[in-house]
Each structure stands twice: as structure tokens, then as C-alpha cells.
Amino acid sequence: MSVTPPSSSPIPSTAQAFEAAPFAPPPPFPVAKPDVVAALRAAGCVFAEDEAQLLTASARTPSELAAMVERRAAGHPLEHVVGWAEFCGLRITVDPGVFVPRRRTEFLVRRAAALCRPLRAPVVVDLCCGSGAVAAALAATLGGAKVHAADIDPAAVRCARRNLVPPRAHVHEGDLYAALPSRLRGHIDVLVANAPYVPTAAIGLLPTEAREHEPLVALDGGTDGLDVQRSVARSAADWLVPGGHLLVETSRRQAPSSAQAFADGGLCVEVAQCEELDATVVIGTRTR
């Protein structure tokens, strides 16, 4: 699971990260009840003790704790049950039915942030934003960036608007570039798109909690998994500034095909990998 029990240092909310607010010391972390651990272990939760501690810490009443344990034991993602996920050191709100940000995607953020740092006030866009985790992490990391995020799923857009604070970040609803204000065309410095890349035939092989509780539109990438990536790459050069970059997350196996889609879109291509997170990112640059 991407959610871990809080450490001695609290995880800031995205709003706190934007404002650099001081943090109060966290309350003592409660000890999980043995019956909660036993219920989770019986349901097949591998990290039952850690999850039990997190649920115990999150519940405000015994009845709420019981309801949360019941939902988790029934297979709901832990992040949906507690209502947030840790991502790049931020506490990202994750509503039921919204894609849960994965730890591997932190590599996408790192590479995007590195490309932005030499720029004074970069324009950054996160397509297929889901909860807005990538955009929120970039906005928190790059103080002067002008950040936009977009998604086709209304539930994701509602969730992202809770994680992204105007005026530094704006969330738009719609299908890829159609969601963006026209004034951004030709003015984007860094465009990230954590588009779905699971082949349709492989959806049934995903963990049950993903198949049953995350939106299909955030998982299914078409026959070979790269339909949405191709759509993004095809028009990226029209939206990027000269020298601007497009970054997508993909799998190691699919990286050559993702890179070809970038090249077909007129971009100069680089493939970056992180063994620690088992993450692969394809980076395209508009050279003219």
C-alpha cells in the first residue's frame, strides 16, 4: 500500500505545503487494538499491524473505526478508507472512486521538477491528473510555478480541486488538451501525463482493489496500453514552448513503444529509469 502510518513528523497537507505553514506536534500515535489487527489479517492484509495503527489513528469514534475496518476487510483501498495517500511527502486527499497515486510516480515528479528548476516561473500542466497528486507535488516543490491540472473524470476533478489551491494551481475538466485554456497553447514549459497504460486484456490481472474501486478510465490504456499516451504525444508540440518537455510514466516493456509515439510527435526522446521505485519515465523535448 502507498499509505504508511504517520512518523514522528506529520505529513503536511497540500494547502500547508503551499503556504509553508508551521506544524503543530502530532498527537500520540494510538496503539492498534488486537481485534483490529486480527480482522485485517483474516481478510488477507499483508501489513495488518501497520494498517490497523493507521485506521485506529484516523477514526474519531469506535463506530467509525469499526466501519473503516469493515470497508478495508471488504477490499476497499486503504487510501480510500482513510481518505488520503502519502505522496512526495504530502498528504493527498483521495476520494472513493478516484485513482490512488502510486509511489513509483514520485520518479515522474522528480524528473519534471528537475527540468523546471532552471526556469524562473515555469508553466506546468498535469494531464490525466486524477487526485492532482503530481500537480500538487510540483506546485509545492516549485514555489513560482504556474500549475494547471486536468482530467476527464468529474470525480477526479472534484478531488483534485481539494488538493490544488488557487491562484497557484488551477484544475480543469475535459478530455486531454480540450480541457485546457487556449492561452496555454505554445506556452507550456513542462507537461506531465500519468496516462493509463495498462492493456485492456491485462485489466483482469490487476489487484482486486484496483479493478473494483478505481475508475476504469484511469487504468485502461487500450489494446497495447498506449492509446492515451499516443494522443498526448501527437499534439504535445503544439502546446509546448520551444525547448519544452513532455513526460509520461510507462512500463519498462512498453518504453520503446512510448518513445516511438514521442518521436512520431516530433519530439526528441529520452528514457529514464529508477530501479528503487521500479519506475520508467519517457521524456520528450520540443526542439523547434
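Whose amide H sits under 5 Å from the amide H of Val171, counting only residues 5 or more places off or on another chain, with H placed in the peptide plane?
Under 5 Å from the amide H of Val171: Ala149.
Looking at the stretch 65-139, which GluC sites (Glu not before Pro) are DSSP coil and have at most 16 other C-beta atoms within 10 Å of their C-beta?
Working: sites: Glu70, Glu79, Glu86, Glu106; in loops: none.
Of the GluC sites (Glu not before Pro), not one in the loops of the stretch 65-139 has a Cβ with at most 16 other Cβ atoms within 10 Å.
May I ask for the net charge around Asp151, where only other residues with Cβ less than 11 Å from the Cβ of Asp151 are counted and Lys, Arg are +1 while Asp, Glu are -1? Each step should come with its number before you reach the end.
Working: positive: Arg158, Arg161; negative: Asp126, Asp153, Glu173, Asp175.
With Lys, Arg at +1 and Asp, Glu at -1, the neighbours total -2.
Which value, in Å to one decimal place, does the Kirkwood hydrodynamic radius take for the stretch 142-288 when every pair of different Cα atoms is included?
Computed over the stretch 142-288, the radius equals 16.1 Å.
Pull up the DSSP beta bridges for the stretch 66-202 and report the antiparallel fraction as a percent, rounded to 5. Intermediate results must be reported in sequence, preceding the final value.
On the way: 4 of 18 bridges.
DSSP beta bridges in the stretch 66-202 are roughly 20 percent antiparallel.
In whole Å, what three semi-axes, largest first, describe the equivalent ellipsoid of the chain built from its Cα gyration tensor (square root of 5 times each eigenvalue)? Kindly include the intermediate steps, with their values, before the conclusion.
Details: eigenvalues 229, 95, 48 Å².
Semi-axes from the Cα gyration tensor: 34, 22, 16 Å.
Would you mind checking which residues have amide H under 5 Å from Lys146's amide H? H placed 1.01 Å from N; only 5 or more apart, or other chain.
It is Val123, Val124, by chain and number.
If I take all pairs of Cα atoms in the stretch 221-288, what percentage of them are more than 18 Å from each other?
On the way: 719 of 2278 pairs.
Everything past 18 Å amounts to 32 percent.
Please give the direction-averaged projected area of the C-alpha convex hull for the stretch 197-260, in square nanometres with one decimal. Numbers along the way, then the final one.
Working: hull surface 20.0 nm².
Average projection, Cα convex hull of the stretch 197-260: 5.0 nm².
Count neighbours as other Cβ atoms within 10 Å of each site's Cβ, and list the trypsin sites (Lys or Arg not before Pro) in the stretch 45-154 that are DSSP loop with at most 10 such neighbours.
Values: sites: Arg60, Arg71, Arg72, Arg91, Arg102, Arg103, Arg104, Arg110, Arg111, Arg120, Lys146; in loops: Arg60, Arg102, Arg120.
Qualifying residues, ordered by number: Arg60, Arg120.
In Å², what does the accessible area per residue of the chain work out to with a 1.4 Å probe?
Details: 13270 Å² over 288 residues.
About 46 Å² of surface per residue is accessible.
In whole Hz, with x marking every Gly and Pro, tabulate ³J(HN,Hα) for the stretch 127-135 from phi via Karplus 6.51 cos²θ - 1.76 cosθ + 1.60, θ = phi - 60°.
8, 6, 6, x, 6, x, 4, 5, 4
Once neighbouring chains are kept in place and the probe is 1.4 Å, which whole percent of the accessible area of the stretch 27-164 is contributed by carbon and sulfur? Intermediate values should be presented prior to the final figure.
On the way: 3240 of 5900 Å².
That share works out to 55 percent.
Hull surface divided by four, with the convex hull built on the Cα atoms of the stretch 62-140: how many nm²? The partial results should precede the final answer.
On the way: hull surface 24.0 nm².
Averaging across all directions leaves 6.0 nm² for the Cα convex hull.
Rounded to the nearest 500 deg cm²/dmol, what is the calculated helix-only ellipticity per residue at 222 nm for the chain, with -39500 (n - 2.57) per DSSP H run of length n ≥ 4? Before the final figure, lay out the partial values.
Numbers: 11 runs with 102 residues, N = 288.
Counting only the DSSP helices, I get -10000 deg cm²/dmol.
Could you run the Karplus curve 6.51 cos²θ - 1.76 cosθ + 1.60 with θ = phi - 60° over the stretch 243-253 and give me ³J(HN,Hα) per residue in whole Hz, x for Gly and Pro?
Going residue by residue, I get x, x, 10, 10, 10, 9, 8, 8, 9, 4, 5 Hz, with x marking Gly and Pro.
Quick one: which residues, 5+ away or cross-chain, put their amide H under 5 Å from the amide H of Gly225? H built at 1.01 Å from N.
Those qualifying (amide H under 5 Å, at least 5 residues apart or on another chain) are Thr200.
If you restrict to DSSP beta bridges whose two residues both lie in the chain, what percentage is antiparallel, to the nearest 5? Write down the numbers at each step before the final one.
Values: 17 of 38 bridges.
Taking every DSSP beta bridge with both residues in the chain, the antiparallel ones total about 45 percent.
How much of the accessible area of the stretch 177-239, in percent, comes from carbon and sulfur atoms when a 1.4 Å probe is used?
Details: 1530 of 2850 Å².
Roughly 54 percent of what the probe reaches on the stretch 177-239 is carbon or sulfur.
The values are calculated or read from the model by the stated rules, or taken from the named source; none is laboratory data. This is a predicted model, so every value here is computed, not measured. Cβ: placed from backbone, ideal geometry, glycine included. Neighbour counts: every protein chain shown. The area values use the complete protein model at the heavy-atom level, side chains included, leaving out ligands, DNA and RNA. Shrake-Rupley method; radii C 1.70, N 1.55, O 1.52, S 1.80 Å.
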